[in-house]
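See below for the structure under consideration.
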Amino acid sequence: MRTQEERRRANLASQLHLSRNDPRLKPLIRMHGHCTLGVKRRDPFHVLATSIVSQQLSVKAADTIQGRIEALAGTRGRLRPQDLLGLSAESLRGAGLSNAKARWLHAISEAVESGEFSFARLRALDDEAAIEALDALPGIGRWTAEMFLMFALNRRDIFSMGDVGLRRGVNLLYNKGAKLGDDATLEITGRWSPHRSVASWYLWRIVDGDALTWV
């Protein structure tokens, strides 16, 4: 597993590659400075649990609900399977979760706690196989799986075609805001491989500024 300094150096190498090979990205990289993607290590279960909490919610609402759950569990900054399994579905709903999200969190907690789902095994899979394994979990779709690979596993070559912010960023940077189709978007983003995760980090800056909770 890479050290923090090694992750920083990897980001710098990606920045240099993208700057040299894409004149549209170069000024964006210069404007926003060094990419911090993956520099801070994140607990994979915590990232997965908070991704479910935050689905279809504003950042503020998600942070509020997560704070309530952590207060109920008696933990701060890190949710663990045993913490969530110690809370009843009624308690989770009282914190603001929907019935479905409460069920999903319990199901994933049970799968991790029992060893049925293993983050160590997940790390050994290639990107597409890891996405499929995550997508099989309750409440986890492809977009959530792709975000997990980028932010929890520090996978370097992810671009989510289903991410509205990323698609808008590509449209703004390469087509004056007009919508590009899938084929044209894939042609552009394919040029960035194997550094598409870092390119995505900069594209988010176009549409979201610095309001990203995982970066």
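More than 15 Å from residue 48 (Cβ to Cβ), part of a helix (DSSP H, G or I) and without any contact (Cβ under 8 Å) to a residue 24 or more places away in the chain - does that describe any residue in region 110-118? Step through it out loud before you land on a result.
Keep residues of region 110-118 that are more than 15 Å from residue 48 (Cβ to Cβ), which gives 114-115.
Cutting the leftovers down to part of a helix (DSSP H, G or I) gives us 114.
Filter again for without any contact (Cβ under 8 Å) to a residue 24 or more places away in the chain, leaving 114.
Yes, there is a match, as at least one residue in region 110-118 is more than 15 Å from residue 48 (Cβ to Cβ), part of a helix (DSSP H, G or I) and without any contact (Cβ under 8 Å) to a residue 24 or more places away in the chain.
Which of the following residues is more than 24 Å from residue 159 (Cβ to Cβ), modelled with pLDDT under 95 and surrounded by 14 or more Cβ atoms within 10 Å (Cβ to Cβ): 62, 10, 73? Step through it out loud before you land on a result.
Values: 62 fails: more than 24 Å from residue 159 (Cβ to Cβ); 10 fails: more than 24 Å from residue 159 (Cβ to Cβ).
Only one candidate passes the filter, namely 73.
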Condition first: on the phi > 0 side of the Ramachandran plot and either touching a helix residue (DSSP H, G or I) at 6+ places or on another chain (Cβ under 6 Å) or at pLDDT below 95 (or both). Can you find one or more residues in region 154-170 that meet it?
yes
Return a yes/no flag: does region 149-161 have any residue that is closer than 18 Å to residue 206 by Cα and not aliphatic (A, V, I, L, M).
yes
Condition set in contact (Cβ under 8 Å) with a residue 40 or more places away in the chain and surrounded by 14 or more Cβ atoms within 10 Å (Cβ to Cβ), scope region 19-34, selection farthest from residue 175 (Cα to Cα): answer is 32
Quick test of your reading of the structure: residue 153 fulfils all but one of (1) within 19 Å of the chain's Cα centre (by Cα); (2) aliphatic (A, V, I, L, M); (3) surrounded by fewer than 14 Cβ atoms within 10 Å (Cβ to Cβ); (4) in a loop (DSSP other than H, G, I, E, B). Name the failing condition by number.
(3)
Neighbours by Cβ (under 8 Å, 6+ apart or cross-chain): first from region 56-78, in a helix (DSSP H, G or I); second surrounded by fewer than 12 Cβ atoms within 10 Å (Cβ to Cβ) and of a type in the set (A, V, I, L, M):
59/211
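The values are calculated or read from the model by the stated rules, or taken from the named source; none is laboratory data. The model shown is predicted, which means the values in this text are computed figures rather than measured ones. A quick note on method: Cβ atoms are made from the backbone with ideal geometry, for glycine too, and the neighbour counts reach across all protein chains shown.
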